1. Give the range 62-98 a look and list any residue that's within 16 Å of the ligand (Cβ to nearest atom) and either under 30 Å from Gln300 (Cβ atoms) or basic (Lys, Arg) (or both), or say none.
2. Suppose we filter the range 103-126 for residues that are within 16 Å of the ligand (Cβ to nearest atom) and open to solvent by 10 Å² or more (accessible area, probe 1.4 Å); how many remain?
3. Could you look through the range 192-222, keep only residues that are hydroxyl-bearing (Ser, Thr, Tyr) and away from the ligand (no atom under 16 Å from the Cβ), and pick out the one that is farthest from Met174 (Cα to Cα)?
4. I'd like the full set of residues that are of a type in the set (Gly, Ala, Ser) and not in a helix (DSSP H, G or I), limited to the range 15-25.
5. Please go through the range 129-146 and give me each residue that is within 16 Å of the ligand (Cβ to nearest atom) and hydrophobic (A, V, I, L, M, F, W, C), ordered by number.
6. Which condition number in (1) touching a residue at least 12 places away in the same chain (Cβ under 8 Å); (2) under 25 Å from the mean Cα position of the chain (by Cα); (3) open to solvent by 60 Å² or more (accessible area, probe 1.4 Å) is the one that Gln347 fails?
7. Can you work out which of the residues in the range 316-334 that are touching a Lys or Arg at 6+ places or on another chain (Cβ under 7 Å) and not small (Gly, Ala, Ser) is farthest from Gln242 (Cα to Cα)?
8. Has the range 52-61 got any residue that is hydrophobic (A, V, I, L, M, F, W, C), within 16 Å of the ligand (Cβ to nearest atom) and crowded, with 18+ Cβ neighbours inside 10 Å?
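The values are calculated or read from the model by the stated rules, or taken from the named source; none is laboratory data. This structure is a prediction, so every number in the text was calculated from the model and none was measured. Cβ placement follows ideal geometry from the backbone for every residue including glycine, while neighbour counts extend to all protein chains displayed. Only protein heavy atoms, including side chains, enter the accessible area calculation; ligands, DNA and RNA are left aside. Shrake-Rupley method; radii C 1.70, N 1.55, O 1.52, S 1.80 Å.
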Amino acid sequence: MKLLPVISLLALTSATSALDNGLMRTPPMGWMSWERFRCNIDCENDPKNCISENLFRDMADRLAEDGWKEMGYDHVMIDDCWSSMLRDKDGRLQPDPQRFPGGIAKLARYLHDRGLKLGIYGDLGTHTCGGYPGTTLDKIDTDAQTFASWGVDFLKLDGCYSNEEEQQKGYPLMSKALNATGRPIGYSCSWPAYRGGLPPSVNYTLLGEICNLWRNYDDIQDSWDSVQDITDWFFDNQEILQPEAGPGRWNDPDMLIIGNFGLSVDQSRSQMALWAIMAAPLIMSNNLRTLSSEARAILQNGAAIAINQDPMGVQGRRLLQERSQIEVYWRPLSQSASALVFLSRRQDMPYRYHTCLAKLNYTAGSYEAYDVFTGKTLSGLSATTEFTVSINPSGVVMWYSFPLSTTEWQCRQMSTTTISGFPLPLKHQHGYITVD
Ligand code: GLA
């Protein structure tokens, strides 16, 4: 009985900060079908690439067997075009019988057996964006229960074919309905993307209370232009968006397209770096069966992932847009560490950018910087030490940096080398980097 006040106080404080399902305290990671496989339902002529249970099982195998799961990529998310055009006789959604003959529950078991989670797609409205049955207000409870009964772990609720009023009612109702199933189900709301992404049309305080993540802006396409357009929008609006993110509640600039056709190796590093700075969900949409080794190395970069998954969960910001077309991004991390990204928007040649940490708001002290993509470490930087980074056109240099006190510095000098080149604080945060 004595515990009651404490518990209710806790309930109160968490209810005002993030959806109270305890999920996604760091940005979700995994794979989603949409950007790469769209609404390809032609299983007769394109059996390997059509939206079917085989595709999701294949991707689950790849996540489980190719080292992805260990890095944190643990969700397989079905997007649009999975369902039959008709609900069943009890009004429930059902998968297309030809393309998902085993049903969704069996697919969920397949994933769970491999330590993975299953996401599914719904749409608040009469139809999904692809024209499949939508979830109208009267179907919210039924659909939440159906998803839970199948063992689904995550729902992306799109917003095609509904109006402002229906969205205002429907997104909070689905949140309640998911909670009422008793099954922990991560909840992604596309609501803001349908209302222009900014206040006063979008109420981020409410979104944080009812959703784990939300799509704020346009769909990503397989091009560097699209990545630039999205990042510009998010950072141009950082005063509004940045404070809204935190554990359990994330802005979602859409999927990672690394490994497809539109990005060079440098641009792929740039997307990975910027998504890490943004504390964005790391949801790949690519073909994991045929990924190049370069794409895999970028997506499985342990330091970039550790930065993205930092437990403090503070979204980063753009610090500078130089006339030289160099931009600097920064994210504070736990244990007084931080991440820096130097991005070149130039189209000529590698640019040698000169600066010092003091110009980037770092306070006096001694710092160490680990270069995320080269694995090199710069030691003994003071805030006023001038340094030069060479940044490729549409590429980045990304640093993980942390201050060293004199004692720490002496300890590190004496210790043997760090595991796989990672600086000390990173090692403690992530199970996959072992310390012996
Ligand atoms: C919308 C969403 C996309 C995808 C498609 C599916 O465009 O924003 O992410 O889900 O619908 O039709």
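1. His75, Val76, Met77, Ile78, Asp79, Asp80, Cys81, Trp82
2. So the answer is 1.
3. Filtering the range 192-222 for residues that are hydroxyl-bearing (Ser, Thr, Tyr) and away from the ligand (no atom under 16 Å from the Cβ), the one farthest from Met174 (Cα to Cα) comes out as Ser201.
4. Ala18, Gly22
5. Within the range 129-146, just Cys129 meets the criteria.
6. Of (1) touching a residue at least 12 places away in the same chain (Cβ under 8 Å); (2) under 25 Å from the mean Cα position of the chain (by Cα); (3) open to solvent by 60 Å² or more (accessible area, probe 1.4 Å), only one is false for Gln347: (2).
7. Gln325
8. Within the range 52-61, one or more residues are hydrophobic (A, V, I, L, M, F, W, C), within 16 Å of the ligand (Cβ to nearest atom) and crowded, with 18+ Cβ neighbours inside 10 Å.
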